[in-house]
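Scroll down for the structure; my scribbles are underneath it.
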Amino acid sequence: MLDPTKFFKRIYAQQTLVARNAKTNVSPICYEMDITACPEYDFYKDNEYHLAIGLNTMYRRKKSSTDMVFYLEDTIKSLVNQIELYYTQNPHDSRKILLFVQDLSGSLRVPFDNLKVNYSQRVEVILHKSYERFIDPFTDNPNVDYKSKNNARPSRRARQQNIDVINLGRTMLSTFNFQHFMFMEDDFEPCNGSFAQIMNMMNTTIEQDPNYCSISTSYGMNGIILPRMDLDRFLTYVSCHIDAYAIDILIRWYFFHDKGLLGANDVPLGFKSCLEEERFSYSSIGVLMEHVGSVSTFEERSSSSFERLILKCGDMRRRIDDQVGKLFRIINP
């Protein structure tokens, strides 16, 4: 295996494009990534996971400081502890859960091996050091004020996060066999007892609506659960709109857009939004995971204005999302 401290490959698109401006909606490209199964995980290829949790992580620098911020250890421990608590309370549930953590920086200062503990056989934890990072093929459009509150176009950092999410999802789809997928961010922690609530939400939703579109358990992208088919479709959609919107806006378009999903040059994609297919999205009314970080990979989330929107365990999602109850069907776990 290659040593990531000595080799880290940054893959660029074949051409550099200027990001679309405020008035242009036509996507010039769909950014396809050549991602194949990770051979080091052949051991897991025959496993079938009920739920796969995907998490990107990297060091982030505090503003106006040389200090680096690292949330991963607490996130993994709290998440695995809550999963183990669920299995302790439900010993007859034999379904497996996969937690796949991808290091985007190539080499974390805290070795992944130091994070490993004695996990249950029902909870697989894979700490993956990525040797490749696909890079934003766009440059900022000089006609867009990316810091304006009226601007919806993503700046470089947000576009890179779109690409990183595609990278994570495509790696997992090509490598592992799972039925449902959950997005996780490295600076969110589950509330006490929340994983039992999440599993109950999944059980209820799948039983009553096996053709469901999504289940939301937190806010932003964190805690969103998709069927495997929808993960594949959503990543295709994002790949055509990297420079249009941030990832947590694109997910809403995938759920609720009512005028068709378009790809490059406004050519319709081979699938529709969940709303157009008359498939439902579900949500807990309360927050089941809370944000613990003050420095985010989202530029706008590292500001004081975002801090005022932070939700804690027990808070109602309607405080931040007035569409809960209008667009989502509510589940009380």
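The values are calculated or read from the model by the stated rules, or taken from the named source; none is laboratory data. Bear in mind that the values here come from a model prediction, so they are computed numbers and not experimental data. As a convention, Cβ positions derive from the backbone with ideal geometry for all residues, glycine included, and neighbour counts pool all protein chains shown.
For the reader, a short list of remarks on this structure follows.
- All positions within region 225-246 that are modelled with pLDDT of 95 or more, within 14 Å of the chain's Cα centre (by Cα) and among the hydrophobic types (A, V, I, L, M, F, W, C): Ile225, Leu226, Leu231, Phe234, Leu235, Val238
- Cβ-Cβ under 8 Å pairs, at least 6 apart or on other chains, region 245-263 side buried (at least 19 other Cβ atoms within 10 Å of the Cβ), far side at pLDDT 90 or above and among the β-branched types (Val, Ile, Thr): Ile247/Val165; Ile247/Val238; Leu250/Val238; Ile251/Ile224
- Among residues that are aliphatic (A, V, I, L, M), modelled with pLDDT under 85 and over 26 Å from Ile29 (Cα atoms), Val287 is not included.
- Just one of (1) under 13 Å from Phe328 (Cα atoms); (2) touching a residue at least 60 places away in the same chain (Cβ under 8 Å); (3) among the charged types (D, E, K, R) fails for Asp209. It is (1).
- Scanning region 233-244 for residues that are of a type in the set (D, E, K, R) and surrounded by fewer than 23 Cβ atoms within 10 Å (Cβ to Cβ) returns a single hit, Arg233.
- Checklist (1) touching a strand residue (DSSP E or B) at 6+ places or on another chain (Cβ under 6 Å); (2) buried (at least 21 other Cβ atoms within 10 Å of the Cβ); (3) in a loop (DSSP other than H, G, I, E, B) applied to Ile225, failing item: (3)
- Residues that are under 25 Å from Met58 (Cβ atoms) and either of a type in the set (D, E, K, R) or modelled with pLDDT of 90 or more (or both), drawn from region 199-220: Ser216, Thr217
- Residue that is surrounded by 17 or more Cβ atoms within 10 Å (Cβ to Cβ), under 30 Å from Met201 (Cα atoms), in contact with a His (Cβ under 6 Å, 6 or more places away or on another chain) and modelled with pLDDT of 85 or more, where the choices are Leu51, Leu79, Leu99, Leu55: Leu51
- Screening region 159-178 for residues that are under 13 Å from the mean Cα position of the chain (by Cα) and of a type in the set (A, V, I, L, M, F, W, C) and picking the one that is surrounded by the most Cβ atoms within 10 Å (Cβ to Cβ) gives Met172.
- Candidates in region 8-26 are the residues that are surrounded by fewer than 13 Cβ atoms within 10 Å (Cβ to Cβ) and among the charged types (D, E, K, R); of these, the one that is modelled with the lowest pLDDT is Lys9.
- If you go through region 74-101 and keep only what is farther than 18 Å from Met184 by Cα and among the aliphatic types (A, V, I, L, M), you end up with just Leu85.
- A single member of Phe195, Phe188, Phe181 is buried (at least 22 other Cβ atoms within 10 Å of the Cβ), more than 14 Å from the chain's Cα centre (by Cα) and touching a residue at least 12 places away in the same chain (Cβ under 8 Å), and it is Phe195.
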